[in-house]
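The values are calculated or read from the model by the stated rules, or taken from the named source; none is laboratory data. Small disclaimer: the values here were computed from a predicted structure and weren't measured. Cβ placement follows ideal geometry from the backbone for every residue including glycine, while neighbour counts extend to all protein chains displayed.
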Amino acid sequence: MIKSLESLVDLAKGKDKRKIAVAAAGDYHVLKAIHNATEHGIVEPILIGCEDDIKRISSEIKFNVKPHKVINISDPYEASLEATKLISDGKADFLMKGLVSSRLFLKAVLNKEFGLRTGSLLSHVAIFETPYYHKLLGVTDAAMNVDPDLEEKIDIIKNAVKVFHGLKNRNPKVAILGSVETINPKMEATMHAATISMMNYRKQIKGCIIDGPLALDGAISEKSAKLKHITSNVAGEADLILAPDINGANILYKSLNFLGGATSAAVIMGAKVPIVLTSRGDSEKSKFLSIALAAAIS
């Protein structure tokens, strides 16, 4: 398993250069991240969007787009459709959202004619590097699934585990969060956690070690786990955290970024290829590292 997010760049460089289709690419921060990724030699961009905007912004940031393919489509939804079609036709390896709403972008990605559906649930996987934890930490799902049921949580875990496998962690430790470590029939999150943990124990979910419910301190602090007398292969050593719902995951995501001094990279999993779908609040570094993450696992 890699030890830092900067290692994503080296991991991506170890593969053939990946082609990234950028939908509605006429965005300053997106083009800065793409420029950075091309400078590091990890992607070959195909930029779909308003050509005038792409060239104007590229000139401002001293990004020479002449060697790269630019497809002039001003409408953001149509640009998203074209980017999706490039993936479907095997002309690009992964996808990135530019200056287009997530709703329209995902509508294009999931269109029935040539979309990227696989039958799996789409989910958001973020990887954090923080000075307050001894290794990289994954969090899911902070962006896609509002209130996942038991089956959806299983799919979300499977999507995230694929990311960790791509990062050379063949058996990630997954903590399913709850407010307590005890199983309470009146608290659905604890029942889900216990069920999924037992499914993992009985090899119905493979490729990882799962335990839950675990409170956050028990999941990431060995000291807390010992004080609570938690016997677990995951407690204090979690690689990946599954939150009960989007509220908990999103709060944790933003707390790590804005209060925890973390750097992050994130992708959407469950489609035919990884999808880079960053938020407006994400830093330029986070956008670049998200591209590197997608390139490394695609």
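Tell me whether segment 262-278 contains one or more residues that are assigned to a helix (DSSP H, G or I), in contact with a Leu (Cβ under 8 Å, 6 or more places away or on another chain), surrounded by fewer than 23 Cβ atoms within 10 Å (Cβ to Cβ) and touching a residue at least 60 places away in the same chain (Cβ under 8 Å). Give the derivation first.
If we filter segment 262-278 for residues that are assigned to a helix (DSSP H, G or I), which is where we start, we get none.
Checked segment 262-278: no residue is assigned to a helix (DSSP H, G or I), in contact with a Leu (Cβ under 8 Å, 6 or more places away or on another chain), surrounded by fewer than 23 Cβ atoms within 10 Å (Cβ to Cβ) and touching a residue at least 60 places away in the same chain (Cβ under 8 Å).
How many residues are assigned to a strand (DSSP E or B) and more than 17 Å from the chain's Cα centre (by Cα) when one looks only at segment 214-250?
The number of residues fulfilling the criteria is 1.
With the requirement that a residue be part of a helix (DSSP H, G or I) and either in contact (Cβ under 8 Å) with a residue 60 or more places away in the chain or hydroxyl-bearing (S, T, Y) (or both), what does segment 17-65 give you? So that I can check it myself, show each step before the final result.
Looking only at segment 17-65, we keep the residues that are part of a helix (DSSP H, G or I), and these are 28-39, 51-60.
Answer for segment 17-65, where residues must be part of a helix (DSSP H, G or I) and either in contact (Cβ under 8 Å) with a residue 60 or more places away in the chain or hydroxyl-bearing (S, T, Y) (or both): Y28, H29, V30, K32, A33, I34, N36, A37, T38, S58, S59.
For the condition in the same structural domain as K203 (by TED's automatic domain parsing) and not β-branched (V, I, T), what is the one hit in K173, K112? Walk me through it before giving the result.
Working: K112 fails: in the same structural domain as K203 (by TED's automatic domain parsing).
Unique residue meeting the criteria: K173.
Based on what the data block shows, is K91 among the basic types (K, R) and at pLDDT 95 or above? Explain how you work it out, then say what you get.
Values: among the basic types (K, R): yes; at pLDDT 95 or above: yes.
Yes.
Test I48 against the stated conditions and say whether it is in contact with a strand residue (DSSP E or B) (Cβ under 6 Å, 6 or more places away or on another chain) and within 17 Å of P76 (Cα to Cα). Give the derivation first.
Details: in contact with a strand residue (DSSP E or B) (Cβ under 6 Å, 6 or more places away or on another chain): yes; within 17 Å of P76 (Cα to Cα): yes.
Yes; evaluated as a whole, the condition is true for this residue.
Quick one: how many residues across segment 188-208 are part of a loop (DSSP other than H, G, I, E, B) and surrounded by 21 or more Cβ atoms within 10 Å (Cβ to Cβ)? Step through it out loud before you land on a result.
First pass over segment 188-208, keeping only residues part of a loop (DSSP other than H, G, I, E, B): 202-208.
From what is left, the residues that are surrounded by 21 or more Cβ atoms within 10 Å (Cβ to Cβ) are 208.
Residues that pass the stated criteria total 1.
Considering each residue of segment 132-166, count those that are surrounded by fewer than 20 Cβ atoms within 10 Å (Cβ to Cβ), assigned to a loop (DSSP other than H, G, I, E, B) and not acidic (D, E), and give that number.
5
Tell me whether segment 109-122 contains one or more residues that are modelled with pLDDT of 95 or more, part of a strand (DSSP E or B) and within 14 Å of the chain's Cα centre (by Cα).
no
Within segment 223-238, work out how many residues are over 16 Å from I176 (Cβ atoms) and hydrophobic (A, V, I, L, M, F, W, C).
Residues that pass the stated criteria total 1.
Over 28 Å from A23 (Cβ atoms), at pLDDT below 95 and of a type in the set (A, V, I, L, M, F, W, C), is that true of I230?
Details: over 28 Å from A23 (Cβ atoms): yes; at pLDDT below 95: yes; of a type in the set (A, V, I, L, M, F, W, C): yes.
Considered against the rule, which asks whether it is over 28 Å from A23 (Cβ atoms), at pLDDT below 95 and of a type in the set (A, V, I, L, M, F, W, C), I230 comes out as yes.
Is segment 98-106 home to any residue that is among the basic types (K, R), over 30 Å from I210 (Cα atoms) and surrounded by 19 or more Cβ atoms within 10 Å (Cβ to Cβ)?
In the first step, residues of segment 98-106 are kept if they are among the basic types (K, R); the result is 103.
Filter once more, keeping what is over 30 Å from I210 (Cα atoms): 103.
Filter again for surrounded by 19 or more Cβ atoms within 10 Å (Cβ to Cβ), leaving none.
Checking segment 98-106: not a single residue is among the basic types (K, R), over 30 Å from I210 (Cα atoms) and surrounded by 19 or more Cβ atoms within 10 Å (Cβ to Cβ).
Against the condition more than 30 Å from L110 (Cα to Cα), assigned to a helix (DSSP H, G or I) and touching a Lys or Arg at 6+ places or on another chain (Cβ under 9 Å), how does D211 come out, does it pass?
Details: more than 30 Å from L110 (Cα to Cα): yes; assigned to a helix (DSSP H, G or I): no; touching a Lys or Arg at 6+ places or on another chain (Cβ under 9 Å): yes.
The answer is no for D211.
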